[in-house]
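S.K.: Here it is: the structure, laid out below.
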Amino acid sequence: MGNHLFDAIRASATSEDAIFIETASGERWTYGDALRLSGQLASAIDALGVRPGDRVAVQVEKSPMALMLYLACVRSGAVYLPLNTAYTLVELDYFIGDAEPRLVVVSPKARTEVEKLAQRYGAIVETLDADGVGSLTDLAREEPADFIDAARAPDDLAAILYTSGTTGRSKGAMLTHDNLLSNALALREYWRVTAADRLIHALPIFHTHGLFVATNVTLVSGASMFLLPKFEPGEILSLMPKATLMMGVPTFYVRLLQHEGLNRDAVASMRLFISGSAPLLTETHISFQQRTGHAILERYGMTETNMNTSNPYDGERRAGTVGFPLPGVTVRIADPATGATLSPDETGMIEIKGPNVFKGYWRMPEKTAAEFTQDRYFISGDLGKIDRDGYVHIVGRGKDLVISGGYNIYPKEVENEIDQLDGVVESAVIGVAHPDFGEGVTAVVVLQRDATLDEKAVLAALQDRLARYKQPKRVIFAEELPRNTMGKVQKNLLRDQLKDLYE
Ligand code: ATP
Ligand code: MG
């Protein structure tokens, strides 16, 4: 038996000299470098006593060496467990206690504090900084590069990735070698990625988008990427003439549109722009197409499943939809109450089956059982519909559904109407406890700077557009919507801020 994921990666590199990573300052790492460095790191991890199946928790800045560490874990059979760099020590305590890693890798300045905490769980601590320097790379330097990869079957764990925590406490999703590989191969085909592609990578690498979608797809294509510590529109635009592909969250596209340098010339060498992790506004899609001639390709995925659906490469990329199920993936819409499969255009729970679907939540067998149907579909928690042309639409999260006076209100439907009003940038519709209705439909609206809309005007404009029970009871104006690092609107924060609105 080989190493399911890494054997495929190894076979995809076109040559030792092919570029894998380039940084903004022009430093380069070839596929040969990646092989040697990940081999040395795998030897170092092994020497530290990490055995196949052991977790390696990693909270480090984004850097080429951090990706080498990911590859080293895959090769040594360890379970890679990346953590958001924003997590505090208290949060780290939860993750380390929950995952019980054998090894924790953190930035050198965090070492002393993390060591105190890790000791309680019997974990060792090593360090790695943004420049690739630290105690772990010191150890690796002394090790041989020709590491013999641990045997790993398709069903063995490659990673535990914690969900973003948008709707509650983060859960650890157990992802197997084949979950990752099957998805990377499906995306490579679907998006036509080849060794000639050069990807702009400005996403964090502790999340499924930047780590698995961006990095694994690059690796199994033998392609290269510009690895940037963060998204800076000016820098991205100056790299575009050298790139062919970009993957971003919707806010990347919104911010590029605000930059006067975005035009057809700037994107002349670009082949494809991809968006995901949060809904892309139709208006963003249209403006981007007008300015650049490119229809952004929107796709849909989640930590637990990798990618599920994607707009087509050749066919129509329809704004406001997330396209079709990927090859090998089945998507169906179920009645949330009865579980019965619904017809086209009917809204219900999105359920997913395929080689991309995770093995379960780490140490949460009951939660895992509750999130799968009897016929083994994963209950995504997202509400949506499949239209008559087969395009999947996401209407919102089950937890964001508003129930007012006994009626179900899908926030997206109300948001779409509000967003179309002159002077509105965007909106978020939430349910807030209401003494008469159970929940009151409540709109939080962000206005353009010169807009003169007030609450009365918004409500008046919606009167003929929405059934009465869907109309907001109140409209609250805000400077901006609260978002996490992946650009997801944090409706839980809004619900919390406004919880006394109708008292
Ligand atoms: P948690 O599960 O901890 O509450 P989370 O669901 O935000 O957090 P992720 O797994 O990072 O954590 O995000 C997956 C979710 O992101 C999906 O379930 C979906 O709601 C949303 N999402 C991803 N892509 C899109 C998209 N293209 N359009 C709309 N929503 C999307
Ligand atoms: Mg989720």
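S.K.: Counting only DSSP beta bridges with both residues in the range 214-359, tell me the antiparallel percent, nearest 5.
M.R.: For the range 214-359, the DSSP antiparallel bridge percentage is about 65.
S.K.: Hey, how many Å between the Cα centroid of the range 193-254 and the Cα centroid of the range 126-148?
M.R.: For the range 193-254 versus the range 126-148, the Cα centre distance is 25 Å.
S.K.: How many angstrom separate the Cα center of the range 454-481 from the Cα center of the range 259-298?
M.R.: When both Cα centres are located, 30 Å separates them.
S.K.: Taking the Cα centre of the chain as origin, sum charge times position over the Cβ atoms of Lys and Arg (+1) and Asp and Glu (-1), and report the length of that vector in debye to the nearest 20.
M.R.: Charge dipole, the chain, about its Cα centre: 340 debye, nearest 20.
S.K.: So what is the diffusion coefficient of the range 435-486 in µm² per second by Stokes-Einstein at 20 °C and 1.002 mPa s, using a Kirkwood Rh over Cα pairs?
M.R.: Reported coefficient: 170 µm²/s.
S.K.: May I pose another question? Find, among the trypsin sites (Lys or Arg not before Pro) in the range 312-403, those assigned to loop by DSSP (not H, G, I, E, B) with at most 11 other beta-carbon atoms within 10 angstrom.
M.R.: Those satisfying the criteria are ARG376, ARG388.
S.K.: Restricting the count to DSSP beta bridges whose residues both fall in the chain, what percent are antiparallel, rounded to a multiple of 5?
M.R.: Rounded to the nearest five, the antiparallel share is 60 percent.
S.K.: Further question: Could you pull out the pairs from LYS359/LYS470; LYS230/LYS470; LYS230/LYS499; LYS171/LYS488 whose alpha carbons sit more than 28 Å apart here?
M.R.: In this structure, LYS359/LYS470; LYS230/LYS470; LYS230/LYS499 exceed 28 Å between Cα atoms.
No lab work stands behind these numbers, since they all come straight from the coordinates. Just so we're clear, the structure is a prediction, and the values are computed from it rather than from any experiment. When we count neighbours, we look across all protein chains shown, and the Cβ atoms used for this are built from the backbone with ideal geometry, even at glycine.
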